[in-house]
2 protein chains.
Amino acid sequence: MHHTEVADLDFESWVCPVPLRDTPSVVMGHGGGGAMSGELVEHLFLPAFGTAAAAELGDSAVLSIGTGAATDGVAGAGTRLAFSTDSFVVKPMFFPGGSIGDLAVNGTVNDLAMSGATPLFLSTAFILQEGTGLAELGRIAQAMGTAAQTAGVRLVTGDTKVVDSASGDGVYINTSGIGVIPDGVDIHPRRARPGDAVLVSGDIGVHGVAVMSCREGLEFGTAVESDTAALHGLVAAMLATGADLHVLRDPTRGGVSASLNEIARASDVGVELVERDLPVPQNVRDACSLLGLDPLQVANEGKLIAFVPPESADEVLAALRAHPLGRSAARIGTCVADHPGMVVARTAIGGTRVVGLPIGEQLPRIC
Amino acid sequence: MHHTEVADLDFESWVCPVPLRDTPSVVMGHGGGGAMSGELVEHLFLPAFGTAAAAELGDSAVLSIGTGAATDGVAGAGTRLAFSTDSFVVKPMFFPGGSIGDLAVNGTVNDLAMSGATPLFLSTAFILQEGTGLAELGRIAQAMGTAAQTAGVRLVTGDTKVVDSASGDGVYINTSGIGVIPDGVDIHPRRARPGDAVLVSGDIGVHGVAVMSCREGLEFGTAVESDTAALHGLVAAMLATGADLHVLRDPTRGGVSASLNEIARASDVGVELVERDLPVPQNVRDACSLLGLDPLQVANEGKLIAFVPPESADEVLAALRAHPLGRSAARIGTCVADHPGMVVARTAIGGTRVVGLPIGEQLPRIC
């Protein structure tokens, strides 16, 4: 792990990465889900879209539909829908534990689930490179069908484009999804509150390491399989406790670190992690050491982070652990009023380190 | 125009293109919106998706949401939503009359409008090639913002991925959209009935020729500008007549020919066009002659085809012509009970020709 360890961290002198780095063109880091991705949205897409854009343009939007005018971002009288989109460009397309097809379904299902929605419908749009084997495409489509069936969502509309062999790389998939948010559920990155317990549903860093393990000849001692999974069942189990869940997030690109930093900024709160409580499997730890990666920044595709009121923490943690997808769930930290917008970790030796928002991309094309 | 002209066409001996051509890999034609695109959906995606897929997997899905269980394809008690997705890979990204940004917004708005929906919300997902200029990306995003504002839709959620310079080609954009279908509106490719008048909202073949004109050094005598436009206002004007619109379709990839063939098959009816009534501008006609293209197979991005009951034809045509986007609207043919699934054209010299579903791709990467 690359970090400065300091016993008494000077929060005042810590500076957020400068907005919009001085590059004239798109670099890999703009797709990494870290600071550069955020800058592209904030300093290019939002100003360019102008008044047509919703103020947030986040991973998933909450829309009110029915009984009068439709609005976005406002809980109205009608049905509340969650709407989300994600493109998948993972390389290789097949990796231990899954394929781009699994990711394409589970990824969008999870974006919907993180607003507490019941995912219902997905669109599927393919950009195919000329020359891609139809058998390969068939396997990917089959993985999508199986994942959709497992998740209980319907694939209802689609599109296929083909680009010449010099302009693509196998199969790119976009899925967009619609879900319905149950009455009374209000889960949002802005709702983290000091005192909230920070939970994670299981081992972190698994997906990123699984993809890296089969890329460019890298092999590790033990096999690591992607954790790709649909998480809305797990969310339903958490909601069934009756707890007022404040924030849910699936820590994909940029890992736990990116998700916690985004939540800290959106809610204007601090987050304090306890490093020794992070569930990092030994094989992920080993692989990260070898590759010089921080497990906190490595992508997950079947895990969630939850901010829950302190009085509900034990009950929600128990509900997570009772579910097959949450057996290794753990409390990893606390939401604090100090150092708003910043995530810090108490290290094993008693120090404190800043857990920064990743700047660019540790692992390109991981999802 | 390439076709066999016969005075007395033998419909019995005409054979539909064989399903799933014998190719082991993806070819450009699979993305052309013609027969090969259809085969890929029917013989690969639908079987592979299995029970998770809606039976049709069309350009746009109708979903019922609210008051009980959500369903697809069935008009229920709740709100009826239209849901659609489209990826855009047009090359070049800027062309006379518009850019990939305009297409990305208008294309999905139009897919929604063709089910009679009022388009409300779009997602925007980018796959960017490393090295693409940020200024260029900014211009594209600005075009999207302007088009969305003009169309009155909100850009509510997004995603950005970056692929290395060998694996992309500038900017690929997926937009997915949600609209609400007004009560009483039931517009669907299966609703064409013998006797229906077939209308087109204006000049055909314009977009395809505009893109070709600036590609690979081709230049024609007169400038042709893309017709890219959002058509839901035009649809609203048609609905305001009170006519029971049966089918609407925007003839994009594969042109008027592909759209009419799809409708003929979906409704199990025949279509008879009158060739001299087709509004083909002289510059499009000239360009098509030069390139060996059939204007009926060239893409449009701001036109619609309508099947309307004969008694409403004049009124709907008048409503089209009274709208700025429908000034050159024309009745181009009639829906017939003969030769179901087939489109024929009465030629200028009194013969008849089959207007086939394009097999593959006349003009690759046109949208």
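The values are calculated or read from the model by the stated rules, or taken from the named source; none is laboratory data. The shown structure was predicted, so the numbers you read here are calculated from the model rather than taken from an experiment. Note that we place each Cβ from the backbone using ideal geometry, even for glycine, and neighbour counts take in every protein chain shown. These area figures cover heavy atoms from the full protein model, side chains too; ligands, DNA and RNA do not enter into them. Shrake-Rupley method; radii C 1.70, N 1.55, O 1.52, S 1.80 Å.
Starting from the Cα of B:E315, step 7 Å along the direction of its Cβ; do the same at B:V274; then give the gap between the two resulting points in nm.
With each label point 7 Å from Cα toward Cβ, the separation is 2.2 nm.
Could you go through segment B:330-347 in sequence order and give the Karplus-derived ³J(HN,Hα) for each residue, using 6.51 cos²θ - 1.76 cosθ + 1.60 with θ = phi - 60°, rounded to whole Hz, and x for Gly and Pro?
Each residue of segment B:330-347 in turn: 8, 8, 10, x, 9, 7, 10, 7, 5, 5, x, x, 10, 10, 10, 10, 7, 8 Hz.
To the nearest 10 Å², what's B:H43's accessible area with a 1.4 Å probe?
Here the residue's solvent-accessible area equals roughly 70 Å².
Determine the order of B:D86, B:D183, B:D244 by accessible area, beginning with the largest, at a probe radius of 1.4 Å. Intermediate results must be reported in sequence, preceding the final value.
Numbers: B:D86 20, B:D183 150, B:D244 75 Å².
My answer, sorted largest first, is B:D183, B:D244, B:D86.
In segment A:58-180, with Lys and Arg counted as +1 and Asp and Glu as -1 at Cβ, which of these residues, A:L103, A:L128, A:Q149, has the Cα nearest the positive end of the dipole, that is, farthest along it?
Farthest along the dipole direction, towards plus: A:Q149.
With +1 on each Lys and Arg Cβ and -1 on each Asp and Glu Cβ, how big is the dipole of segment A:185-354 about its Cα centre, in debye rounded to the nearest 20?
Using Cβ point charges on Lys, Arg, Asp and Glu, segment A:185-354 gives about 120 debye.
For chain B, what is the charge dipole size about the Cα centre, in debye to the nearest 20, if Lys and Arg each add +1 at the Cβ and Asp and Glu each add -1 at the Cβ? It would help to have the intermediate numbers written out before the result.
Numbers: 22 positive and 41 negative charges, 118 e Å.
Value, rounded to 20: 560 debye.
Taking square-rooted eigenvalues a ≥ b ≥ c of the alpha carbon gyration tensor, is chain A rounded, prolate or oblate, where a/c under 1.5 means rounded and, failing that, a/b exceeding b/c means prolate?
Verdict is rounded for chain A.
Please sort by residue number the GluC sites (Glu not before Pro) in segment B:176-276 whose DSSP state is loop and whose Cβ has at most 15 other Cβ atoms within 10 Å.
Listed in order of number, the matching sites are B:E216, B:E219, B:E225.
Per residue of segment A:180-187, in order, report the coupling 6.51 cos²θ - 1.76 cosθ + 1.60 (Karplus, θ = phi - 60°) as ³J(HN,Hα) in whole Hz, putting x for Gly and Pro.
Karplus values, whole Hz, x for Gly and Pro: 10, 8, x, 4, x, 8, 9, 10.
With a 1.4 Å probe and all protein chains in place, put A:R276, A:R353, A:R193 in order of accessible area, largest first. Before the final figure, lay out each step's value.
Details: A:R276 180, A:R353 5, A:R193 110 Å².
Output order, biggest surface exposure first: A:R276, A:R193, A:R353.
So with the 1.4 Å probe, I'd like the accessible area per residue for the protein assembly as shown, rounded to whole Å².
Working: 25830 Å² over 734 residues.
I get 35 Å² per residue for this part.
If the elastic network links every pair of Cα atoms under 10 Å, which of B:G351, B:G255, B:G205 fluctuates the most in the Gaussian network model of chain B?
Sorting by GNM fluctuation, first place goes to B:G351.
Label-point separation (nm) for B:F94 and B:L291, each offset 7 Å from Cα along Cα-to-Cβ?
Between B:F94 and B:L291, the simple spin-label model gives 2.1 nm.
Which shape class applies to segment A:185-354: rounded if a/c is under 1.5, otherwise prolate when a/b exceeds b/c and oblate if not, where a ≥ b ≥ c are the square roots of the Cα gyration tensor eigenvalues?
Here segment A:185-354 falls in the oblate category.
Kindly report, to the nearest 10 Å², the accessible surface of A:R331 as traced by a 1.4 Å probe over protein heavy atoms only.
A:R331 has an accessible surface of roughly 90 Å² with all protein chains in place.
Which FRET efficiency value, to the nearest 0.05, is calculated for A:R327 and A:A55 with the Förster distance at 35 angstrom and r the Cβ-Cβ distance?
Plugging the Cβ-Cβ distance into 1/(1 + (r/R0)^6) gives 0.35.
Could you tell me the total accessible area buried at the B-A interface, probe 1.4 Å, in square angstrom to the nearest hundred?
Values: alone 16480 and 16450 Å², together 25830 Å².
The B and A chains share an interface burying roughly 7100 Å².
Summing +1 for each Lys or Arg and -1 for each Asp or Glu, what net charge is found among the other residues whose Cβ lies under 12 Å from the Cβ of B:A143?
-1
Counting only C-alpha contacts under 8 Å and six or more residues apart, can you give the relative contact order of segment A:191-349 as a whole percent?
46 percent
Along the charge dipole of the protein assembly as shown, Cβ charges K/R +1 and D/E -1, which of B:L304, B:G33, B:I187 sits furthest on the positive end?
Of the options given, the answer is B:I187.
Rounded to the nearest 500, what is the 222 nm mean residue ellipticity of chain A from helices alone, with -39500 (n - 2.57) per DSSP H run of 4+ residues and division by all residues?
On the way: 9 runs with 90 residues, N = 367.
Using -39500 (n - 2.57) per qualifying helix, the result is -7000 deg cm²/dmol.
Given an 8 Å cut-off on Cα distances and at least 6 residues of separation, report the relative contact order of chain B as a percent.
24 percent
How much solvent-accessible surface does A:H232 expose, in Å² to the nearest 10, with a 1.4 Å probe and all protein chains in place?
Approximately 40 Å² for this residue.
What is the calculated FRET efficiency for B:R215 to A:R190, with r their C-beta to C-beta distance and R₀ = 45 Å, to the nearest 0.05?
Calculated transfer efficiency: 0.45.
Which of rounded, prolate, oblate describes segment A:265-335, given a ≥ b ≥ c as roots of the alpha-carbon gyration tensor eigenvalues and a/c under 1.5 marking rounded, otherwise prolate only if a/b is larger than b/c?
oblate
Over 30 Å between Cα atoms, which of A:K303/B:K161; A:K161/A:K303; A:K303/B:K91; A:K91/B:K91 qualify?
A:K161/A:K303; A:K303/B:K91
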